[in-house]
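Trainee: Below you will find the structure I want to go over with you.
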Amino acid sequence: MIQVNAMGDTCPIPVVKTKNAIRELNGSGIVETLVDNEIAVQNLTKMANQKGYGVKSEKLGENEFKVTMTVGDAAPVEEAEEEVLCAVPAKSRNVVVVISSAQMGVGNDELGTALMKGFIYALGQQDILPKTILFYNGGASISCQGSASLEDLKSMEAQGVEILTCGTCLNFYGLSEKLAVGGVTNMYVIAEKMTQADLIVKP
């Protein structure tokens with residue numbers, strides 16, 4: 001059995017920690033994850049159901065929950081379905097992520113910034129990484145000095161992910177000298193990457 005302490009961790013860190021612990025099982029076993037909110041319990045339960053794992057949760061105290069997953073040797077359900085549904089094998093698909101804003105969604109900028117940071121972190125934890133990440137307009141700041149996502153982006157770049165930021169956008173926002181990861185690109189290349197993609201993901 002592996003115990004995971006995700007108390008105080010924000011989404012999607014509890015899920016990522018649990019997935020990493022499941023990998024350490026090398027087949028089957030039990031993973032117990034401690035979290036401090038019901039949303040994390042719901043996210044972990046959903047992940048377990050998608051993967052076909054046994055799962056139960058219990059409230060241990062105020063803001064303290066335990067999610068227990070029983071992992072067997074069967075192949076995860078969602079991966080088996082993906083092989084049937086996808087015409088192009090997942091590992092060979094040209095997936096392009098396009099990020100046009102420093103915030104994810106509309107409503108509150110502070111929340112949107114936190115959501116974008118969480119999305120980029122989660123993106124780097126996927127079993128299959130995108131081929132390219134494109135940054136333009138307000139999203140250009142994410143690949144520059146001071147960005148909270150730099151380490152995650154550098155990690156993905158080290159694993160072969162192409163990271164490109166619009167040069168016109170860097171100039172417009174006065175960030176040309178502050179690019180900290182990846183390279184500079186232009187709108188022709190951005191259009192080319194997007195039109196040749198098998199899948200475009202836009203958070």
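Trainee: Add -39500 (n - 2.57) for each DSSP H run of 4 or more in the chain, then divide by its residues: what number comes out at 222 nm, to the nearest 500 deg cm²/dmol?
Mentor: Helix contribution divided over all residues of the chain: -11500 deg cm²/dmol.
Trainee: Here's a follow-up. Can you give the FRET efficiency for Y173 and Q50, using 1/(1 + (r/R0)^6), R0 = 41 Å, r = Cβ-Cβ distance, to the nearest 0.05? Walk me through the intermediate numbers first.
Mentor: Numbers: r = 39 Å, r/R0 = 0.95.
With a Förster radius of 41 Å, E is 0.55.
Trainee: Still on this model: With all protein chains present, how much of the accessible area of the chain (probe radius 1.4 Å) comes from carbon and sulfur, to the nearest whole percent?
Mentor: 51 percent
Trainee: Hey, rough spin-label estimate for N186 and E38, points 7 angstrom out along Cα→Cβ, what's it come to in nanometres?
Mentor: Going from the N186 label point to the E38 one covers 5.5 nm.
Trainee: Right, here's the next one. Under a plain spin-label model, where a point goes 7 Å from the Cα along Cα-to-Cβ, how far apart in nm are D127 and M194?
Mentor: 3.0 nm
Trainee: Something else: Can you pick out the pairs among K56/K154; K19/K56; K56/K131; K17/K117; K17/K178; K178/K202 whose Cα atoms lie more than 28 Å from each other?
Mentor: Where the Cα-Cα span goes over 28 Å, the pairs concerned are K56/K154; K56/K131; K17/K178.
Trainee: Just to confirm, what accessible area per residue do you get for the chain at 1.4 Å probe, in whole Å²?
Mentor: Roughly 56 Å² per residue, with all protein chains present.
Trainee: Where both partners of a DSSP beta bridge lie in the chain, what percent of those bridges are antiparallel, to the nearest 5?
Mentor: Around 45 percent antiparallel, to the nearest 5.
Trainee: Starting from the Kirkwood Rh over alpha-carbon pairs, what translational D in µm² s⁻¹ does the range 142-196 have by Stokes-Einstein at 4 °C and 1.567 mPa s?
Mentor: Using the Kirkwood radius from Cα pairs, D works out to 110 µm²/s.
Trainee: Between the range 22-60 and the range 117-169, how many Å separate their Cα centres?
Mentor: Taking the Cα centre of the range 117-169 as reference, the centre of the range 22-60 is 28 Å away.
Trainee: In angstroms, what radius of gyration and Dmax does the chain have, counting Cα atoms only?
Mentor: Calculated on Cα positions, Rg and Dmax stand at 19.0, 56 Å.
Trainee: Oh, and also: Taking R0 as 25 Å, what's the FRET efficiency between T10 and V201 from their Cβ-Cβ distance, rounded to 0.05?
Mentor: Efficiency, from the Cβ-Cβ distance: 0.70.
Trainee: Normalised by the number of residues in the chain, what is the relative contact order in percent for Cα pairs under 8 Å and 6+ residues apart?
Mentor: Reported as a whole number, the value is 17 percent.
Trainee: Considering amide H positions built from the backbone, and no H for Pro or chain starts, which residues 5 or more places from V201, or on another chain, come under 5 Å of its amide H?
Mentor: Placed amide hydrogens put V96, V97, V98 under 5 Å from V201.
Trainee: Under a plain spin-label model, where a point goes 7 Å from the Cα along Cα-to-Cβ, how far apart in nm are L60 and K154?
Mentor: Here the modelled spin labels are 3.4 nm apart.
Trainee: Could you give me the radius of gyration and the Dmax of the range 93-201, taking only the C-alpha atoms into account and expressing both in angstrom?
Mentor: 12.9, 35
The values are calculated or read from the model by the stated rules, or taken from the named source; none is laboratory data. These numbers were taken from a predicted model, which means no experiment stands behind them. Every residue, glycine among them, receives a Cβ derived from its backbone with ideal geometry; neighbour counts consider all protein chains shown. In case anyone asks, the SASA skips ligands and DNA or RNA and just uses the protein heavy atoms, side chains included. Shrake-Rupley method; radii C 1.70, N 1.55, O 1.52, S 1.80 Å.
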